[in-house]
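Written out below as structure tokens is the structure these notes cover.
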Amino acid sequence: MLTCCIDPEHWSSSDVGRWLNWLLRQYGRPCDVIRDDADEYSLDNNEYSLDGVQLCQLSTDDVTERFPHDGEFVIAELQLWKNLGPLGQ
């Protein structure tokens with residue numbers, strides 16, 4: 001189960017890692033950049049370690065570069081969460 005603020009701009013880097021892990025697993029996508037060690041969610045490479053503000057500021061090209069197989073999927077899902085964010089305030 002995913003537990004984080006509904007507005008991605010308020011996410012910590014741990015929240016971003018949990019969301020990505022949840023998102024990719026929820027839809028049966030490969031999780032090749034995400035590590036899950038005893039309930040600790042983190043990205044395997046510091047290059048991927050972003051907080052919510054940084055994640056929301058990434059361009060489409062930035063996201064597809066970081067997630068070559070799932071970039072468009074991650075962007076679409078992030079946009080849904082960004083649209084819901086103001087509703088949870």
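So the values come out like this:
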read-out: Residue match in the range 18-30 (condition: outside any helix (DSSP H, G or I), at pLDDT below 80 and buried (at least 17 other Cβ atoms within 10 Å of the Cβ)); value: no
read-out: Unique match (being at pLDDT below 85, under 15 Å from L23 (Cβ atoms), exposed (fewer than 15 other Cβ atoms within 10 Å of the Cβ) and of a type outside the set (F, W, Y)) among L43, L84; value: L84
read-out: Any chance S14 is surrounded by fewer than 17 Cβ atoms within 10 Å (Cβ to Cβ), at pLDDT 90 or above and of a type in the set (S, T, Y); value: no
read-out: Pairs, first part of a loop (DSSP other than H, G, I, E, B) in the range 68-89, second surrounded by 12 or more Cβ atoms within 10 Å (Cβ to Cβ) and at pLDDT below 85, C-beta under 6 Å, six or more apart; value: D70/R29
read-out: Answer residue from the range 46-67, given it is aliphatic (A, V, I, L, M) and not in a loop (DSSP other than H, G, I, E, B) and is modelled with the lowest pLDDT among those; value: V63
read-out: Where a residue in the range 7-36 is farther than 15 Å from W81 by Cα and its partner, wherever it lies, is modelled with pLDDT of 80 or more and among the basic types (K, R), with Cβ under 7 Å and at least six apart; value: C31/R25
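The values are calculated or read from the model by the stated rules, or taken from the named source; none is laboratory data. Quick caveat: nothing in here was measured; it's all calculated off a predicted structure. Cβ sites come from the backbone with ideal geometry, for glycine too, and all protein chains shown count toward neighbours.
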